[in-house]
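Student: Here it is, the structure in full.
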Ligand code: PBG
C-alpha cells in the first residue's frame with residue numbers, strides 16, 4: 001500500500017492556499033476590550049499585575065475608545081471602580097455612579113461603539129462579594145441569593161437607562177437572568193440584550209482583576225456561587241437555564257483552561273457564545289514575554305484563535321487593542 005504522504009503539506013506550503021482553507025477566522029470584529037473605569041479626573045494608572053492595562057477616569061476612557069476605534073475594536077466591556085464602597089453596594093445602581101456616567105460619556109463621544117456593562121456587586125461592596133451578605137442562623141456569613149437579585153436588576157436598569165448596549169451579569173446568583181430580563185422589560189428596555197456569564201468558574205485566574213478592581217473577598221471565597229472547575233455537564237445546564245431565562249449570549253470564563261466547555265456549550269445550545277480570556281491568562285503571557293521566554297504576539301494570537309476555534313463567537317480579552325492592531329498591520 002502506498003499513500004501520497006504530502007497530501008496535507010501541499011496546501012500548507014503556500015501561504016495563499018493556507019489562507020484559502022483556514023477554518024477559523026480571527027478578526028477585530030470578534031474582540032471585546034474590557035476596561036476599568038475609575039472615579040476622579042485625568043486618571044490613567046497602570047494595574048501592576050496587568051502591564052498595558054490602566055484604570056481610566058472618564059476623560060481618559062473616552063480617549064481610549066478613540067484609540068480602540070482606530071484599530072477596529074468595536075466593543076468594550078466596562079467595570080467600575082467606585083470612589084466609595086459599602087455593604088449595600090449602593091454605587092452599583094446609582095444613576096450618578098462611575099459606570100452610569102462613563103456610559104453616557106462614551107455613547108455621546110462614540111455612538112457607534114458597542115458598550116457592554118458588567119453587572120455585579122463585588123466591585124462596589126465593602127466585603128468584596130458578588131451579592132448581599134447576611135449572617136445565617138448558624139452564625140455563618142453567606143451571600144443571600146434572592147436579596148441580591150433585586151439589586152442586580154436595579155443595576156442593570158440604571159446601565160440601560162444610561163445607554164448601555166448590553167448588560168453582562170457576572171455574579172452567578174441563581175435566577176438573575178430571569179429577574180433582570182423581566183425588570184428590564186417592565187422598565188421599557190426590552191431591546192437591551194443580556195450577555196450572561198453562564199459558566200463562570202471559581203478560578204485562580206481572576207487574581208489580577210481583583211487587584212485592579214479591589215474586589216478580593218474580605219472573607220471566604222466565591223465557591224458558593226461560582227462553578228467547580230471539575231464540572232462541564234453543569235456548564236451546559238447553566239447555559240440552558242440562562243437561555244430559558246432570556247439570555248441572548250452565554251459566556252464561558254476563563255477561556256483557555258475551559259476550551260472543552262466552550263465547545264460543548266456551543267454544540268449543546270447553538271446559541272451565541274462569548275469566551276472571557278481573563279486577567280490571569282493575560283498576565284501570564286505578559287510576564288513570560290517580559291522575561292523573553294515567549295513571543296508575546298505569537299502566543300497571544302495563538303490563544304485567541306484557539307478560543308475562536310473552540311466555538312466562541314466573541315472573545316473578551318485584554319489583548320483586544322493589541323490584537324486588532326496586529327491584525328490590521330498584518331493585512332496592510
Ligand atoms: C466580577 C468579575 C470578576 C471578573 C469579571 N467579573 C472577578 C471575580 O469573579 O472575582 C474576572 C475577570 C478577569 O479576571 O479578567 N464578578
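Every number in this text was worked out from the coordinates using simple rules, so none of it is lab data. It should be emphasised that the depicted structure is a prediction, and the values quoted were computed from it without experimental measurement. No Cβ is skipped: glycine too gets one built from the backbone with ideal geometry, and neighbour counts run over all protein chains shown.
Student: Report the full-extension gain for the segment residue 86 to residue 260: residue separation times 0.36 nm, less the Cα-Cα distance, to one decimal in nm.
Tutor: My answer for the length gained is 58.8 nm.
Student: For labels at residue 6 and residue 288 in the simple 7 Å Cα→Cβ model, what's the distance in nm?
Tutor: It is 3.4 nm.
Student: Hey, fewest Cβ within 10 Å first, where do 36, 319 land in order?
Tutor: Exposure proxy ranking, most exposed first: 36, 319.
Student: Return the distance in nm (one decimal) between the two label points of a simple spin-label model at residue 20 and residue 66, each offset 7 Å from Cα along Cα→Cβ.
Tutor: With each label placed 7 Å out from Cα toward Cβ, I get 4.4 nm.
Student: Turning to a different aspect of this structure: What distance in nm separates the two pseudo spin-label positions at residue 29 and residue 244, each 7 Å out from Cα along the beta-carbon direction?
Tutor: Taking the simple label geometry, residue 29 and residue 244 are separated by 3.4 nm.
Student: For the chain, how big is the tail of P(r) above 35 Å, as a whole percent of Cα pairs?
Tutor: 20 percent
Student: Shifting gears a bit: Quick one: grab Rg to one decimal and Dmax as a whole number for the stretch 155-234, Cα atoms only, in Å.
Tutor: Gyration radius and largest Cα-Cα distance of the stretch 155-234: 14.6, 40 Å.
Student: Another one. I need the calculated FRET efficiency for the pair residue 186 and residue 231, taking r as the beta carbon distance and R₀ as 35 Å, to the nearest 0.05.
Tutor: Between residue 186 and residue 231 the formula returns 0.55.
Student: Let me ask another. Whole Å is fine, so just give me how far the alpha carbon centre of the stretch 15-74 lies from that of the stretch 159-191.
Tutor: Cα centroid of the stretch 15-74 versus Cα centroid of the stretch 159-191: 25 Å apart.
Student: Another one. On alpha carbon coordinates alone, what is the Rg over Rh value for the stretch 1-142, Rh being the Kirkwood radius?
Tutor: Ratio of gyration radius to Kirkwood radius: 1.24.
Student: I would also like to ask the following. Taking the Cα atoms only, what angle lies between the long axis of helix 58-71 and the longest principal axis of the chain, rounded to 10 degrees?
Tutor: On a 0 to 90 degree scale, this one is about 20.
Student: While we're looking at this one, here's another question. Looking at the chain, what % of its DSSP beta bridges pair antiparallel, to the nearest 5?
Tutor: 15 percent
Student: Let me have the relative contact order for the chain, percent, based on Cα pairs under 8 Å that are six or more residues apart.
Tutor: Dividing the mean separation by the residue count of the chain yields 18 percent.
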